[in-house]
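**Q** First the structure, which I've put down as structure tokens, then a few questions once you've had a look.
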Amino acid sequence: MTRIPTRRRALRTLGAGLLAGLAGCGAGGESTDGGVTATPPGSPALDVTGEWPSHRYDATNAAVAAGGAGLTEIQTYWILDAGGPPVVADGALYNWATRNRRATRNRRATAFTRRNPATAEAVGRTSVAHDGVTGAPTVTGDGVYGTTFERAYRFDAAGDAVRWRGPAMPGVESPPTVAGGVVYVRTGGAEGTDPHLRALDAATGETRWRHGTAGQLAPPVAVANDTVYLADGDGLHALDATNGGHERWHRTLPDARSSTPVVADGTVYVVAAGGVVAFDAATGAERWRALGDADVDGAPVVASDAVHVSGDDRLVSLDPADGSTTVAFAERGRPVARRGDTLYAVDSATLRAFDVTDGSQRWSYGTGSAQREDTIVRGIDGVAPVEGGVYVAAADGLHGVGPARQT
């Protein structure tokens, strides 16, 4: 049976906090350790192109950039005290930063930061709150959207100004999903606020509609073809994005409340007690189930040719047509991103890169530890792969990883 997710485990999967524990670096990999205090600009500069504009690339949550290629050989370019999980778009890197990075999350000074993607040097900063943040921002068009634990914000992509502040909705636990001129934000409920999904106008921040949800967990929604896919304590819901969140269909699923839905090629995937379950995105008809006896770790990464998923410490690729296993990877890891034919997976404090064609490991990259008050923590909180580099937000700092340089 799939282990029932606890609130703490679900928040870990959502990326709301850094993982505690130990990790090692695999063969052929880089490794770092120790508390990093260096500040930007980083050197040498990364030479990067391309985008990774949200925590799972786009509103479908597939976490796949189909074009381009990943890194085959790597080298650490810099490790800096330069904020949290980043996204990259339009020649800039965006993330949240705090005045005291080693402080606790409670009531700390928070700033939305625009950076040079080559060196992580801040070129714009806007202080917005003192109540903590939830993951990476999301970039679409000329707007950048982010969430604190209290509300959503929109910033100018180049002007470093707050365009709007959304309504108070305490208990926000995940980054926003942005699609079709709408910003979707969930709260698990707190301070008299019931759990719900809220659809905000991307231009004004005004509420278009809201939909009540079941349970205290609030993972991100997925959006495709004017449909919002939401998992909660009652199962999987498909809501009409253009008609006030009217429910198009609903499927009861045990233990789906912490799942982040993923949509690709007309299929929506969700993790529940039955393992990975695939549904027809339009009708809700079940297509297949896989890994039903496994403890599936996190949302799958889904491309047109494979569903990459981790279950019982085994990283595998499934056939999108029937859920059969097509590739077993050489090492374990929770898949977080794919660029071209390179799959990136997190194994505690280590990032691994795999060739998706045969499952072989191309390299591994171990991150170090840091002290949070009286606790030593290790872990990776965000990965953003672009052309020519990978950004890794870890306990010990923001890592700029690039291709191996000639010596």
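The values are calculated or read from the model by the stated rules, or taken from the named source; none is laboratory data. Keep in mind that this is a model prediction, so the values were computed, not measured. Cβ: placed from backbone, ideal geometry, glycine included. Neighbour counts: every protein chain shown.
**Q** Which of the residues belonging to segment 257-298 are under 18 Å from the mean Cα position of the chain (by Cα) and of a type in the set (A, V, I, L, M)?
**A** Val262, Val263, Ala264, Val268, Val270, Val271, Val296
**Q** Name the single residue, out of those in segment 356-371 being assigned to a strand (DSSP E or B) and touching a Ser or Thr at 6+ places or on another chain (Cβ under 7 Å), that is surrounded by the fewest Cβ atoms within 10 Å (Cβ to Cβ).
**A** Here the answer is Arg362.
**Q** Looking only at segment 288-298, decide whether some residue is acidic (Asp, Glu), surrounded by 15 or more Cβ atoms within 10 Å (Cβ to Cβ), modelled with pLDDT of 95 or more and under 20 Å from Ala63 (Cβ atoms).
**A** no
Every residue, every condition in (1) hydroxyl-bearing (Ser, Thr, Tyr); (2) in contact (Cβ under 8 Å) with a residue 40 or more places away in the chain, yes or no:
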| site | (1), (2) |
| --- | --- |
| Thr177 | yes, yes |
| Thr187 | yes, no |
| Asp194 | no, no |
| His211 | no, no |
| Pro220 | no, yes |
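**Q** Of all residues in segment 78-99, count the ones that are in a strand (DSSP E or B) and either closer than 18 Å to Gln371 by Cβ or among the hydrophobic types (A, V, I, L, M, F, W, C) (or both).
**A** 11
To keep it simple, each residue is scored yes or no on (1) under 30 Å from Pro254 (Cβ atoms); (2) touching a Leu at 6+ places or on another chain (Cβ under 7 Å); (3) not aliphatic (A, V, I, L, M).
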position	(1), (2), (3)
Asp160	no, no, yes
Pro167	no, no, yes
Gly171	yes, no, yes
Ser174	yes, yes, yes
Gly188	yes, yes, yes
His196	yes, no, yes
Thr207	no, yes, yes
Leu230	yes, yes, no
Gly233	yes, no, yes
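**Q** Right, next: If Asp381 satisfies every condition in (1) assigned to a strand (DSSP E or B); (2) over 22 Å from Val88 (Cα atoms) but one, which is the exception?
**A** (2)
**Q** Restricting the search to segment 152-167, which residues are assigned to a loop (DSSP other than H, G, I, E, B) and modelled with pLDDT of 95 or more?
**A** Those that are assigned to a loop (DSSP other than H, G, I, E, B) and modelled with pLDDT of 95 or more: Gly166, Pro167.
**Q** Being modelled with pLDDT of 95 or more and among the acidic types (Asp, Glu) is the filter here; which residues of segment 299-332 pass it?
**A** Asp305, Asp319, Asp322, Glu331, listed by residue number.
**Q** When only residues in segment 210-228 that are touching a His at 6+ places or on another chain (Cβ under 9 Å) and surrounded by fewer than 24 Cβ atoms within 10 Å (Cβ to Cβ) count, which is farthest from Pro254 (Cα to Cα)?
**A** So, considering only residues that are touching a His at 6+ places or on another chain (Cβ under 9 Å) and surrounded by fewer than 24 Cβ atoms within 10 Å (Cβ to Cβ), the one farthest from Pro254 (Cα to Cα) is Arg210.
**Q** Have a look at Asp255, Asp305 and point out the one that is under 24 Å from Thr357 (Cα atoms) and part of a loop (DSSP other than H, G, I, E, B).
**A** It is Asp305.
A quick yes/no check of all residues on (1) among the hydrophobic types (A, V, I, L, M, F, W, C); (2) at pLDDT below 85; (3) part of a loop (DSSP other than H, G, I, E, B):
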{"residue": "Thr2", "(1), (2), (3)": "no, yes, yes"}
{"residue": "Arg9", "(1), (2), (3)": "no, yes, no"}
{"residue": "Leu19", "(1), (2), (3)": "yes, yes, yes"}
{"residue": "Gly28", "(1), (2), (3)": "no, yes, yes"}
{"residue": "Gly34", "(1), (2), (3)": "no, yes, yes"}
{"residue": "Asp47", "(1), (2), (3)": "no, no, yes"}
{"residue": "Thr60", "(1), (2), (3)": "no, no, yes"}
{"residue": "Gly68", "(1), (2), (3)": "no, yes, yes"}
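**Q** Given the criteria within 18 Å of Tyr57 (Cβ to Cβ) and touching a strand residue (DSSP E or B) at 6+ places or on another chain (Cβ under 9 Å), does Pro195 qualify?
**A** When the stated conditions are applied, Pro195 does not pass them.
**Q** Right, something else. Would you mind finding the one in Asn100, Asn106 that is modelled with pLDDT of 50 or more and either crowded, with 16+ Cβ neighbours inside 10 Å or not small (Gly, Ala, Ser) (or both)?
**A** That would be Asn100, the only listed residue that is modelled with pLDDT of 50 or more and either crowded, with 16+ Cβ neighbours inside 10 Å or not small (Gly, Ala, Ser) (or both).
**Q** Could you please find all residues in segment 176-187 being in a loop (DSSP other than H, G, I, E, B) and either at pLDDT below 95 or in contact with a Ser or Thr (Cβ under 6 Å, 6 or more places away or on another chain) (or both)?
**A** Pro176
**Q** Only one of Val301, Val327, Val309, Val336 is within 26 Å of Gly67 (Cβ to Cβ), out of contact with any Pro (no Cβ under 6 Å at 6 or more places or on another chain) and surrounded by 23 or more Cβ atoms within 10 Å (Cβ to Cβ). Can you tell me which?
**A** The conditions single out Val336.
**Q** What number of residues in segment 70-81 are modelled with pLDDT under 95 and either hydroxyl-bearing (Ser, Thr, Tyr) or closer than 20 Å to Gly181 by Cα (or both)?
**A** Residues flagged as modelled with pLDDT under 95 and either hydroxyl-bearing (Ser, Thr, Tyr) or closer than 20 Å to Gly181 by Cα (or both) within segment 70-81 amount to 1.
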